Structures are given as structure tokens and as C-alpha cells.
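A short write-up of the structure that comes next.
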Amino acid sequence: MTKISITRVPARKRSLYSSLQWQKAISQLGRAMASKLSLDAVFREFAAGIKGYIPYHRLLISRVDPQNKIQRIFILSPSSKDTLETPGDLYEKGKSVTEWVVRERKPFIREDASLQHDFETDERLSRMGLHSYISVPLIYWDRVVGSFHIADKQSKAYGERELAFLMSVAEWLAIAMENARFFQETHRLLEEQGVLHQVTSQINILDLDSLLQRLTNELLNIFRVNCAFVRLREPDGSFRMRAVSETKLSAYPGASRQDLDGGGRSSWIVENRRPLVIRDIRRQDPSIPQETGLIRMGFRSYLGAPILLKEEAIGTLVVLNKTVRDFTERDTFFLQQLAAEATVAIHHALLFDELKRLNQDLERITQHKSQFLARLAHELKTPLNVIIGILDAMHLGATGPLNEKQQSALNKIQDQSRALQKMVIDPLNLSRIEAGTIPLEVSTFPIAKV
């Protein structure tokens, strides 16, 4: 009869029970992450879920963007300086463990970073008082979409069990990240289509300032940036800011809205008739105009597109962000598309503005004409009345008897004077009609003559 060890069997049961527990935890955590629709919610669920099984002091999650650049997108750290708010959220190729893990597509374990400095990661973590860490790639359908690493203040060796747990959770995290990314992209696409529809439907809005203000408000929301503005060409050929939507300028000491209107970068866009993307204004290409206004306001990233009308740039559409941001090709394309859709509406509004200006000029000219005619009529009416009065007196014999020839000549002069008087009164009455001040004259007349 085979003997059963009373010590080994419970140990196996404990191991089996523990493994089942971990599998259950992985499944529950995976489903919880997959149910989240935002990346931040996914990462926070992941951070809380693994800490109960593998304690850590620092968590960093990175992703591979469409340009195959590795970018840090989430961090939990004991150091207040270890944040994503500073420049350098893109890794320098070949200098970090994250880049190695993504390239090699396999995990990396370091028992004590203070003893080996093969990577820049070792030195950085050692300065933070962290020693052991493990980095794991995030693979989705045979494509590396990112990585995560956890670090601890204690020097320790991560065993196969911990590695298997993290690799399994990494599969769920990659799926959840892609689901959230797909949802956000779909939501962004719907927002973009909605904005384009609004701009298209506002073609008949003739108030240019209202149109441009709506446009910048939509840019602020769709790009999730800190500022958006539009500059348009004036009749004299200069470019002036016509609308701006922004976060409060009080966040930037000593800054004012005038700092936005430097125009150097916008002038570059107008001259080259193509978009301008600047990841970090402080480190931009020297060939691009560099005003200090935007830097003074705290802005870091810049994206601008020309507003083209018949191949001629009539303005610029610009969005700004106060943290370093990588605007994608899709961002650039959408801004160009929005500028193209807005061009028709802006052109209509500009034509309407020009029509209003011409109407105002015409009204002013008409007013001057009326004033001139009124003054002219008044100056002519007084002497004509005197002449007609004298002629009437002569007809009555005030100057003595008139012979037939004198009477005929006097009648001709009187007829021409009355005709001239009527010509003077008619424009005077017309001016009064236009001014709305002509009085009503009540008199009797034979209806048959009407």
C-alpha cells in the first residue's frame, strides 16, 4: 500500500490553491481593465490590481506611438520630480530598459540597479532610492504597443511565478489599452465629424467674429489644448488676430493676449502655405521665427495650418499647449481639413463684411449728397423768391406802366423763374423725404385733374 505524505500533500494543495487564486485574480483584473473606456482608468485599475500581489514603489507605463516612438504616458512615483510634466517623455533610443524591452519583445529583471549601470534607467532609479525592477513588454496581436515596469526600494529577485503573473496581466493590459485607444479614437472621430458638420452648416453665418469664436472654441475642445486662435489678413495686407479661445492667462505671470499675436510663426505658415508642427517651442528649428511671447506665456507645443482661398493664404489656424505634446499626422490633417471647410464660411463672411463696408460708404456719400443739395437749394431759393416777388410787383405796376414788349419779356422771365424755383424745391423736398422731416400740406384740389 502506497504511503501518502501528510506534509507534501497539503503543500501541493496550498500551491494549487495559490495558483488558482492568482489565475482568478488575473482574470478579474483583466475584465476590470477591459471594461474601462479611458486609458487613465485602465492604468489606475492595473496599478491597484497588481499591488496586492506584487508590491512596488514606482510604476511606469509607456506606449509606442504611430511613429514608433516610445512615450511615457502614466507614472506613479514616490518622487515629486518624477512626473510627466517635464520635457523628455520620449526615450532616447538605446539608452533605457524600456527601449530594450520593446525592441527585444521580452521582459527584463534587475535585482539591484545600484550594482549595475548598463542602462540610463539604472542610474535614474538608483538616484531615486529604488533598487530592483522588472520591465515587461505589452504585446497585442504580435505587435508591441508599449511596456510597463515596476520598481521597488528593496533589492529582490523576481521569480518565475511573479514573472508569469505579470506577463499574463500584461496581455490583458495590452488588450485594455487598445480597446480604450480605439474607443477614444472613435469618440474623437465622431467629434471631428461633428465639428466639420457644424463649420459646414455655418457657411451662411455672416457675422465673422461670431463664426471665428465658435471655431476656436471647437478647436480648444477637440484638440484638448490650452489655446486656439485665428489670424486673418486685413484689407491693408497685414494679419491680425480675429478670435481666440484660451485658458486663463493668469496662469502665465506677466503675459497678455498680445503675446499671442507676434506673428512670426504664422507668417512662416502664410509664406510657405503649409502646416507647422513644433513639439517644443524652446527647442524648435532655428530656421523658424522665434518670438518669446509664447514662451513667456508658458506654451510649449505648437500646431498651425494655413487658411487657403484660391491657393492664397488669407489666414492661419493655430492651437497651443502648455505641456510638451507630439501632435500626430492625424492632428495635422484634421486641422488642415477644418481650415479648408472654414475657408468657404470665412470667405462668405468676408464678402458680407465688404458689402457692409461698401453700404456704409454709400450711405455716407448719400448723406453728403443730401446735405449738399439741401444747402444748394436753400442758397438758390432765397434770391429766387426775391426775383419772383419783384416780378409780381412789376406786373402790378409798382414800377410804372409796361408796354406790350416789356410785358412779354417780363412774362418769360417770370415763367423761367418759377420753373427754376420748382427745380430748387423738388430736391429740397427729396432731401426732407430721405430725412423723414417733410411736412404734410393740406389743401383742396379738383379730383378730376388727378
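We did not get these values from a lab; they are worked out from the coordinates using the rules stated. Here the structure is a predicted model, which is why all the values come from computation and not from measurement. Cβ atoms come from the backbone with ideal geometry, glycine included; neighbour counts cover every protein chain shown.
Computed from the Cβ-Cβ distance with R0 of 22 Å, the FRET efficiency linking T323 to S114 stands at 0.10. The simple Förster model, with R0 at 45 Å and r as the Cβ-Cβ distance, assigns Q71 and K310 a FRET efficiency of 0.70.
Applying 1/(1 + (r/R0)^6) with r as the Cβ-Cβ distance of S126 and N359 and R0 = 60 angstrom yields a FRET efficiency of 0.20.
For R242, the residues whose amide H sits under 5 Å from its own are V230, R231, L232, ignoring neighbours fewer than 5 places away on the same chain, with H placed 1.01 Å from N.
Here the Karplus curve 6.51 cos²θ - 1.76 cosθ + 1.60, taken at θ = phi - 60°, turns the phi angles of the stretch 368-374 into couplings of 5, 4, 4, 5, 5, 5, 4 Hz, with x standing for Gly and Pro.
Its Cα centre serving as origin, the stretch 15-180 has a Cβ charge dipole (Lys and Arg +1, Asp and Glu -1) of approximately 280 debye. Phi angles across the stretch 381-394 convert, under the Karplus curve 6.51 cos²θ - 1.76 cosθ + 1.60 with θ = phi - 60°, into 3J(HN,Hα) values of 5, 4, x, 5, 4, 5, 4, 5, x, 5, 4, 4, 5, 5 Hz, Gly and Pro given as x. In terms of the mean number of neighbouring beta-carbon atoms within 10 Å, the peptides 132-138, 356-362 order highest first as 132-138, 356-362. The string of couplings for the stretch 340-346 from the Karplus curve (6.51, -1.76, 1.60, θ = phi - 60°) is 5, 5, 6, 4, 4, 5, 5 Hz, one whole number per residue in order, with x for Gly and Pro. Which aspartates and glutamates have a Cα lying under 13 Å from the Cα of K106, excluding residues fewer than 8 positions away in the same chain? Result set, ordered by chain and number: D142, E171. Counting only aspartates and glutamates at least 8 places from K51 when in the same chain, those with an alpha carbon closer than 13 Å to its own are D152, E162. Taking a straight Cα-Cα cut-off under 17 Å and skipping sequence neighbours fewer than 8 places away in the same chain, the aspartates and glutamates within cross-link reach of K412 are D392, E404.
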